[in-house]
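**Q** Handing you a structure now.
The values are calculated or read from the model by the stated rules, or taken from the named source; none is laboratory data. It should be emphasised that the depicted structure is a prediction, and the values quoted were computed from it without experimental measurement. FYI the Cβ positions are ideal-geometry reconstructions off the backbone, even for glycines, and counts take in every protein chain you see.
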Amino acid sequence: MGNTIDIDVGGTFTDCFMRRGSQVVTAKVPTTHYDLSVCFRQAIETGAERSGVDVADLLSDTELIRYSTTIGINSLIERTGPALGLITTRGFEDTVFIGRSRQWADGIPIEETRDLSRIQKPVPLLDKSMVVGVRERVDCFGNVLMPLDPDDVREQVQALVDRGARGFVVSLLWSFLNPQHELEILDIIRSEYPDTYLGNVPVVCSHQISPRGGEYTRTMTAVVDAYTHQQISSQLWTIGEMVRDAGYTKPLALVHNNGGSKKVARTRAIDTHGAGPVAGVLGSAYLARQYGLDRVVFTDVGGTSFDLGVVTDGSVSSYEFRPVLDRWRVQGSFVETRSIGAGGGSIASVDPSLGRLKVGPASAGSMPGPACYGLGGERPTVTDADLVLGLIDPDNYLGGRMQLDVEAARDAIEADVAEPLGITVEEAAWQIRRLVDATMGQEIFKELALKGHDPRTFTIFAAGGAGATHAAGYAEAVGATTVMTFPFSSVFCAFGASTTDVLHIYERSRHLTVTQFMQPGFALETEGFNAIVAQLLDEARLDFELEGYAADRLHYALELDMRYKTQLNQTRVTVPKPFLDGDDDVRELCDVFNEAYARQYSPEAAFPQAGIDIEEFHLKVWVPADHEPAAKHELVPGDGTAAKTGERPVFWGPAGTVATSVFDRTRLVPGDAFAGPAIVESDDTTTVVPIGWHYRIDEYGNGVIERGLHGDARKGTER
Amino acid sequence: MSRIASVVRSDALPVPIFTPLVGGFAATITQTSPETFWRSAPAQAAALAETARLFGLDAITVGLDPAALAESAGAEVDWSTGRGVVTSGVPAADAERGLDPGATTVLDVALRLGQTLGGVTDVIGVVPGVATLARLVATESGADAAERLAARLVIEAARGYGEARVDALLVLDDAEGFAAAESAAVRRAERVLANTARFFDIPLLRSVPAGAGADAERIAPAQAALPADEPVTGVPSAVPVTPGAPVSVPAAWYTSAGELDPALPPELLHDLVGALRTDA
């Protein structure tokens, strides 16, 4: 792979990771929410400047630009999508309004779900008047019970157009088994409103977006896709034109929330939501394999949110199959990440009724940002606290490109926290820091413990602009003893994007019986099974051919959602062989399922005599990215003296104000090691080594923060 | 990139640009009453857009009268004379409220003009200088409180203009405001304005009243000057011209010598624009 550029848009900053041969260049610029193409351009310009090349020269010899964007989620949250018309089976028009049981709790924090007096279902993305039912019916086997009435469809479509529909979503019952009626409706709309006419409206069919069972989630997946499509598409056009004008001639690729990346032309809107943190998890998996670490937690402290993801045995181990986007439950195979409102821009305040300090979830974002940013913000934030404590150098933030106003930070903390609590500004800043670290640490602990892990055995990867600044703090709260920081920590998700394979997951809901209740032998018709896999494979080959990859470069893995006949819960298993050839293969499949189930629930819970069903097929297809192995360096024991730039007073809470050594990250070499308290500064992040912790540069040039004087970066196995 | 941004960067443009300060003149041209013009966002936006189109202006200014911003913050303003006269400052109870972007006329006008003129005519969002605005929003709480309030209003207005995607920000002081000593609050507000303009990727301009004799240091942190008489040396500076007077200095960027008189005969402005294009 030649030169690449990876850009990740976050809530506060936009990050850029460039590989030019063996050279790696990073850049970080404020996110310009008013027009994301502005920060995209600024990120490339800053990267070019740091590379010492012209933007035109940089882009003309770049092989690939990959991008992860928040614009889809933004349009959901801000409700800036188009007016959509939904066409569904008559009698089922209320499906999207009824939702699924506890829909009212989807996407809101747990403390809000307890406030029953205020809780409300979200305002729907479509008005009731924009949902119509057509006369048709297909049964659960895909047989047509009532054919579609084209005149009825035309009448309903016209009604939606008259009510202002600017796009259609078509989602009929059982269409994932038999899409015939959805395709007929698509044809009718296209003939009534052909592409050549100005009144042409886009149409999204649910079986094309998510050919899986579950009428509510399948419909919502199609609705969210259609709702966010226009904004994403419009922004990508702007960016595409901008980079083409500047000399870039190759396709633009987007990072997907399933852990891969593909060209814009082969990406659906629904694939892009939440892709930034997913890229961070993928990057963590890549580094975990490099180090041979089997337990890693990816943590990203940005300006607005704290994101985390779990990596075990060198790979992504958790997926969400019914994720929530804003307030809407959809379906897909999204790499699981957790996010809470805690970051450098989190606003600190004192609850007037309880007299208690609170940090977040409200954020100052990038505008006006923390008080110290000098953009007019008056509320104190975590970054203001770090600045007041002396942890951040106001003259060296973002490499000196942003001058921080210490007085503004002090004034804000004094007014909103110190005065109400009757403490000094420094003590208030310390408490703000401790509280946000504890909040993040608690989130990590909960996430790992609920997955059945001992959080103390995990290595924490620190990512995001404020990750290295806070990682030792929240590691302490978790009980973890090893934190890893990287030269590209502050732009980690952009780095992660650079490690992604070109990948897609092809899915189908198909009910197949493998074994019957209390019956010996196998009931599975392998021909039918293999036909489904072959169909998915054909789809994948065509898709990847259009992406520019021949079939011989493709790698495959088939996963199935399976369950015992008497149960609802499904377990996803990786199938040893994609095609089954006889009873031995089917037996192996059943063994794999029984083992996976026993591992997840307990060996005593496994009950193969109940009979086994297959419910869904997921074919993962990918073209592996080319990766240069990381260079290893000789360790030259040292204490970092050559990198020390001085000392500055830092308030360490109970330890008081301590003259703390400051080191220049770029001048530390593998083998350098020293004890905290210490600060390690680079252009786009500050690493804080608290009292009682130790810092060293390892053989790969990465920074390792460890509790106490002794530690091993290769730790990670169960104690 | 907008024409103003190009000229501030000293990029070569095919013809000189002319960015006059247009306020009540637009009301006269479109026969809109001053009160309606300054208080009604649709009327003001339509008048400014029409004026820009009629005369082929390269940029149009929004919010030239500082009384408009004061009124949005709660001051009482009399428009009957054609210019806003503040009859009562912002009540102390409203001092902490700040601006409601949805209810601030000048921001609404900027948004509308962006949609109407986008890409054809640059839109300049005008914020009063802190010292100038502080005199208008003065409350019974004293001069320091007025200055703090003015600083907040100016910053919020600048942010609002940025969100409305104007092409440039202009800090406009009257002679008294420009001459006033700069307090720490004023200097901080100006730094915030510069940071805000940088965030929104637009240039920050500074007006210079007649006889002020400003230099580059006085203009900073703004990037360019719109002077009422002599161009400012050391920074990109427009050359002021007067309708009816000959244009003597060839330049890439012209402005009006102060705000265009609402009673200015339109043919004089028309002739001036024609002369500036011919001189290219």
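**Q** Collect the residues in region A:326-371 that are assigned to a loop (DSSP other than H, G, I, E, B), within 14 Å of another protein chain (Cβ to nearest Cβ) and of a type in the set (A, V, I, L, M, F, W, C), keeping them in residue-number order.
**A** Answer for region A:326-371, where residues must be assigned to a loop (DSSP other than H, G, I, E, B), within 14 Å of another protein chain (Cβ to nearest Cβ) and of a type in the set (A, V, I, L, M, F, W, C): A:Ala364, A:Met367.
**Q** Test B:Leu269 against the criterion of being part of a helix (DSSP H, G or I), surrounded by 17 or more Cβ atoms within 10 Å (Cβ to Cβ) and at pLDDT 90 or above, and give yes or no.
**A** Yes: the conditions hold for B:Leu269.
**Q** Within region A:231-251, identify whether any single residue is assigned to a helix (DSSP H, G or I), more than 20 Å from the chain's Cα centre (by Cα), of a type in the set (Gly, Ala, Ser) and more than 22 Å from A:Asn74 (Cβ to Cβ), and answer yes or no.
**A** No.
**Q** Which of (1) within 14 Å of chain A (Cβ to nearest Cβ); (2) touching a residue at least 60 places away in the same chain (Cβ under 8 Å); (3) farther than 24 Å from B:Pro209 by Cβ is the odd one out, the single condition B:Arg165 does not satisfy?
**A** Failed condition: (2).
**Q** Could I ask something else about it? Out of the residues in region A:29-57 that are of a type outside the set (S, T, N, Q) and over 28 Å from the mean Cα position of the chain (by Cα), state the one that is nearest to the other protein chains (Cβ to nearest Cβ).
**A** Only one residue fits best here, namely A:Val55.
**Q** Inside region A:511-526, can you point out the residues that are in a loop (DSSP other than H, G, I, E, B) and of a type in the set (A, V, I, L, M)?
**A** The first filter runs over region A:511-526 and keeps only residues in a loop (DSSP other than H, G, I, E, B), leaving A:516-525.
Within region A:511-526, A:Met518, A:Ala523, A:Leu524 qualify.
One line per residue, one yes/no per condition, for (1) surrounded by 15 or more Cβ atoms within 10 Å (Cβ to Cβ); (2) within 30 Å of A:Gly341 (Cβ to Cβ); (3) not aromatic (Phe, Trp, Tyr):
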residue: A:Glu112; (1), (2), (3): no, yes, yes
residue: A:Ile119; (1), (2), (3): no, yes, yes
residue: A:Val123; (1), (2), (3): no, yes, yes
residue: A:Val138; (1), (2), (3): yes, no, yes
residue: A:Asn143; (1), (2), (3): no, no, yes
residue: A:Pro147; (1), (2), (3): no, no, yes
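**Q** Among the candidates A:Val170, A:Val204, single out the residue that is touching an Asp or Glu at 6+ places or on another chain (Cβ under 7 Å), hydrophobic (A, V, I, L, M, F, W, C) and either over 30 Å from A:Arg102 (Cβ atoms) or in contact (Cβ under 8 Å) with a residue 60 or more places away in the chain (or both).
**A** One residue alone meets the criteria, A:Val170.
**Q** Further question on the same structure: Can you pull out the strands (runs of 3 or more DSSP E) entirely within region A:611-707 that have at least 3 residues that are among the β-branched types (Val, Ile, Thr)?
**A** Those strands (runs of 3 or more DSSP E) span A:612-623, A:657-664, A:686-689.
**Q** Further question on the same structure: Given the residues A:Val417, A:Val406, which is the only one that is touching a residue at least 12 places away in the same chain (Cβ under 8 Å) and closer than 27 Å to A:Gly676 by Cα?
**A** Within the list A:Val417, A:Val406, the selection yields A:Val406.
**Q** Determine which single condition A:Ser117 fails, assuming it passes every other condition in (1) outside any loop (DSSP other than H, G, I, E, B); (2) farther than 24 Å from A:Pro323 by Cα; (3) hydroxyl-bearing (Ser, Thr, Tyr).
**A** (1)
**Q** Something else about it: Is region B:183-195 home to any residue that is hydrophobic (A, V, I, L, M, F, W, C), closer than 19 Å to B:Pro227 by Cα and more than 11 Å from chain A (Cβ to nearest Cβ)?
**A** No, region B:183-195 has no match at all.
**Q** Can you list the helices (runs of 4 or more DSSP H) found entirely within region B:5-73 that contain at least 3 residues being over 30 Å from B:Ala95 (Cα atoms)?
**A** Once the helices (runs of 4 or more DSSP H) in region B:5-73 are filtered for at least 3 residues that are over 30 Å from B:Ala95 (Cα atoms), what remains is B:24-29, B:41-55.
**Q** If you check A:Ala678, A:Ala643, A:Ala631, A:Ala673, which single one turns out to be hydrophobic (A, V, I, L, M, F, W, C), touching a helix residue (DSSP H, G or I) at 6+ places or on another chain (Cβ under 6 Å) and closer than 30 Å to A:Val25 by Cβ?
**A** On inspection, the qualifying residue turns out to be A:Ala643.
**Q** Moving on to the next point. Return the total of residues in region A:502-532 being aromatic (Phe, Trp, Tyr) and within 29 Å of A:Glu547 (Cβ to Cβ).
**A** Here the count works out to 2.
Residues are listed down the side, and each one gets a yes or a no for (1) more than 12 Å from chain A (Cβ to nearest Cβ); (2) surrounded by 24 or more Cβ atoms within 10 Å (Cβ to Cβ); (3) under 28 Å from B:Ala181 (Cα atoms):
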site	(1), (2), (3)
B:Ser80	yes, no, no
B:Val86	yes, no, yes
B:Leu99	no, no, yes
B:Thr105	yes, no, no
B:Asp108	yes, no, no
B:Leu111	no, no, no
B:Gly119	yes, no, no
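**Q** Let me ask something else. For region B:204-223, which positions are away from every other protein chain (no Cβ under 14 Å) and surrounded by 23 or more Cβ atoms within 10 Å (Cβ to Cβ)?
**A** B:Leu205, B:Arg206, B:Ser207, B:Val208, B:Ile219, B:Ala222, listed by residue number.
**Q** Still on this structure: Would region A:308-320 turn up any residue that is more than 24 Å from A:Gly441 (Cβ to Cβ), crowded, with 17+ Cβ neighbours inside 10 Å and under 12 Å from the mean Cα position of the chain (by Cα)?
**A** Yes: one or more hits.
**Q** Next up: Do we have any residue at all in region A:384-398 that's within 14 Å of another protein chain (Cβ to nearest Cβ) and under 17 Å from A:Gly464 (Cα atoms)?
**A** Yes, that holds for at least one residue.
**Q** Do any residues in region A:524-550 that are closer than 21 Å to A:Leu177 by Cα have Cβ atoms under 8 Å from those of residues that are assigned to a helix (DSSP H, G or I) and among the β-branched types (Val, Ile, Thr), where the two are at least six apart or on different chains, and which pairs are they?
**A** Here the result reads A:Leu524/A:Val586; A:Thr526/A:Val586, each pair linking region A:524-550 to a residue that is assigned to a helix (DSSP H, G or I) and among the β-branched types (Val, Ile, Thr).
**Q** Looking at region A:33-47, can you tell me whether even one residue there is closer than 18 Å to A:Phe492 by Cβ, of a type outside the set (Gly, Ala, Ser) and crowded, with 24+ Cβ neighbours inside 10 Å?
**A** Yes, because at least one residue in region A:33-47 is closer than 18 Å to A:Phe492 by Cβ, of a type outside the set (Gly, Ala, Ser) and crowded, with 24+ Cβ neighbours inside 10 Å.
**Q** Separate question: Yes or no: B:Ser207 among the hydroxyl-bearing types (Ser, Thr, Tyr) and touching a residue at least 40 places away in the same chain (Cβ under 8 Å)?
**A** Yes: the conditions hold for B:Ser207.
**Q** Same structure again: Can you tell me which residue is surrounded by the most Cβ atoms within 10 Å (Cβ to Cβ) among those in region B:143-159 that are more than 9 Å from chain A (Cβ to nearest Cβ) and under 14 Å from the mean Cα position of the chain (by Cα)?
**A** Ranking the qualifying residues of region B:143-159, first place goes to B:Ala157.
**Q** Please list, ordered by first then second residue, the pairs with beta carbon atoms under 6 Å, 6 or more apart or interchain, first in region A:69-84 and within 18 Å of A:Val38 (Cβ to Cβ), second at pLDDT below 85.
**A** Matching pairs, first to second residue: none at all.
**Q** Quick check on my filter: what residues within region A:494-537 are among the aromatic types (Phe, Trp, Tyr) and closer than 20 Å to A:Gln208 by Cα?
**A** A:Tyr506
**Q** Might you let me know whether region A:313-332 holds any residue that is without any contact (Cβ under 8 Å) to a residue 40 or more places away in the chain, in contact with a helix residue (DSSP H, G or I) (Cβ under 9 Å, 6 or more places away or on another chain) and of a type in the set (A, V, I, L, M, F, W, C)?
**A** No - not one qualifying residue is present in region A:313-332.
For (1) surrounded by fewer than 24 Cβ atoms within 10 Å (Cβ to Cβ); (2) touching a Lys or Arg at 6+ places or on another chain (Cβ under 9 Å); (3) touching a residue at least 40 places away in the same chain (Cβ under 8 Å), each residue gets a yes or a no:
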site: A:Ile432; (1), (2), (3): no, no, yes
site: A:Thr439; (1), (2), (3): yes, no, yes
site: A:Lys451; (1), (2), (3): yes, no, yes
site: A:Asp454; (1), (2), (3): yes, yes, yes
site: A:Thr457; (1), (2), (3): yes, yes, yes
site: A:Ile460; (1), (2), (3): no, no, yes
site: A:Ala471; (1), (2), (3): no, no, yes
site: A:Phe488; (1), (2), (3): yes, no, yes
